[in-house]
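Shown next, in structure tokens, is the structure this report addresses.
The values are calculated or read from the model by the stated rules, or taken from the named source; none is laboratory data. Please read all numbers here as calculations on a predicted model, not as lab measurements. Using ideal geometry, Cβ is built from the backbone for each residue, glycine included, and neighbour counts are taken over all protein chains shown. Side chains included, ligands, DNA and RNA excluded: accessible areas come from the protein's heavy atoms. Shrake-Rupley method; radii C 1.70, N 1.55, O 1.52, S 1.80 Å.
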Amino acid sequence: MIVMSIAGVDPSAGAGVFADLKTFQAIGVYGTGIVTALTAQNPYKFFSTLPVSPEYISEQIDSVMDSYEVKFIKTGMMYSPEIIKLVGQKIKEYDLKAVVDPVMVATSGGDLTKEDIANAINKYLLPNAVLTTPNVSEAEKLSGVKIKNKDDAIKACEKIRCDSLITGGHLDGWNTINIDGEVSFKKQELIDTENLHGTGCNLSAAIVAFLAKNNDLHTSILKSLDYVYEGIKNGNYGTLIAKI
Ligand code: PXL
């Protein structure tokens, strides 16, 4: 049960590869981490990004695949179309089952990508992905559909090129799930907090971990939504945990 995160590094460890590894560990799978970019940030302020070259990302992936059998992976911050293309090729080369978190902007408002990367995600990652987990604004960019309510979310997920979970944080807590063209909803209570940094990263990492533990896709999504909800309630995201 070895999984992989391909994403950026948030040194405050609420988001990105470090956070993914903690979630993998918490759910009981062994996580490996490929770094696409370093960032300098904390939950409230984004300072800067230092990307890793596609060649070196490729070398990192090959070095892990050389000695570990990995089936399920997630992708997070990808930074550029070149990196997205490379990762898409590696997913095919190693026949990986990928959950794609189509990260574009940090919760703190920092830009995590060089340019508009929705096109590259649509072209190189989604056609072969197991699932993508956009929030409302990411789903709008992937689908071209403006989302104001649940009906719009259904229209958007019908346009997205793989199974999808459109997260409900900006849709009154309604999470929209589309698996094989069958749409369902899971409503969650919205918790009044500013400590949401990294929740998207932890959600997609949790889905990968539950898939690796032989849960089906729908079950993995539901368990992961509960996992992140409990985390938000307990103040695991942002800096509250550090104050305990
Ligand atoms: O949650 C999006 C995200 C993804 N990846 C990295 C991040 C963030 C948000 O801050 O820093 C590295």
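Would you pick out the residues in segment 88-114 that are within 14 Å of the ligand (Cβ to nearest atom) and modelled with pLDDT of 95 or more? If the condition is that a residue be within 14 Å of the ligand (Cβ to nearest atom) and modelled with pLDDT of 95 or more, then Val99, Val100, Asp101, Pro102 are the ones that fit.
Quick test for you: out of Ile27, Ile61, Ile6, pick the one residue that is closer than 21 Å to Asn119 by Cα and in contact with a helix residue (DSSP H, G or I) (Cβ under 7 Å, 6 or more places away or on another chain).
Working: Ile27 fails: closer than 21 Å to Asn119 by Cα; Ile61 fails: closer than 21 Å to Asn119 by Cα.
None of the others qualify; the one that does is Ile6.
In segment 57-87, what count of residues is obtained for those that are within 16 Å of the ligand (Cβ to nearest atom) and not basic (Lys, Arg)?
Within segment 57-87, the subset within 16 Å of the ligand (Cβ to nearest atom) is 57, 60, 73-80, 83-84, 87.
From what's left, not basic (Lys, Arg): 57, 60, 73, 75-80, 83-84, 87.
The number of residues fulfilling the criteria is 12.
Pull out all pairs, ordered by first then second residue, where Cβ-Cβ is under 9 Å, the residues are six or more apart or on different chains, the first lies in segment 17-33 and is more than 19 Å from Tyr79 (Cβ to Cβ), and the second is surrounded by fewer than 18 Cβ atoms within 10 Å (Cβ to Cβ) and among the polar types (S, T, N, Q). Cβ pairs passing all conditions: Gly31/Gln25.
Restricting to segment 19-33, and then to whatever is touching a Ser or Thr at 6+ places or on another chain (Cβ under 8 Å) and not in a helix (DSSP H, G or I), can you tell me which residue is surrounded by the fewest Cβ atoms within 10 Å (Cβ to Cβ)? Step through it out loud before you land on a result.
Here is the first cut: in segment 19-33, the residues touching a Ser or Thr at 6+ places or on another chain (Cβ under 8 Å) are 20-21, 24, 31-33.
Now narrow it down to the ones that are not in a helix (DSSP H, G or I): 31-33.
Values: Gly31: 23, Thr32: 21, Gly33: 18.
Taking the candidates together, the pick is Gly33.
Would you mind stating whether Leu131 is under 15 Å from the mean Cα position of the chain (by Cα) and open to solvent by less than 20 Å² (accessible area, probe 1.4 Å)? Write out each step before concluding.
Details: under 15 Å from the mean Cα position of the chain (by Cα): yes; open to solvent by less than 20 Å² (accessible area, probe 1.4 Å): yes.
For Leu131, the condition - under 15 Å from the mean Cα position of the chain (by Cα) and open to solvent by less than 20 Å² (accessible area, probe 1.4 Å) - is met.
Looking at segment 34-57, which of its residues are buried (at least 18 other Cβ atoms within 10 Å of the Cβ) and under 18 Å from Ile84 (Cβ atoms)? Correct list: Ile34, Val35, Thr36, Ala37, Thr39, Thr49, Pro51, Val52, Pro54, Ile57. The set of residues in segment 139-174 being surrounded by fewer than 22 Cβ atoms within 10 Å (Cβ to Cβ), within 25 Å of Ile83 (Cβ to Cβ) and out of contact with any strand residue (DSSP E or B) (no Cβ under 7 Å at 6 or more places or on another chain) consists of Glu140, Lys141, Gly144, Lys159, Arg161. Identify the single condition in (1) more than 15 Å from the chain's Cα centre (by Cα); (2) not in a helix (DSSP H, G or I) that Pro102 does not satisfy, given that it satisfies every other one. Exception for Pro102: condition (1). Residue pairs whose Cβ atoms lie under 8 Å apart, sitting 6 or more positions apart in sequence or on different chains, and linking a residue in segment 58-78 that is within 10 Å of Thr32 (Cβ to Cβ) and open to solvent by 80 Å² or more (accessible area, probe 1.4 Å) to a partner that is more than 16 Å from the ligand (Cβ to nearest atom) and part of a helix (DSSP H, G or I), do not occur here. Residue check: is Gly33 closer than 16 Å to Gly200 by Cα and within 14 Å of the ligand (Cβ to nearest atom)? When the stated conditions are applied, Gly33 does not pass them.
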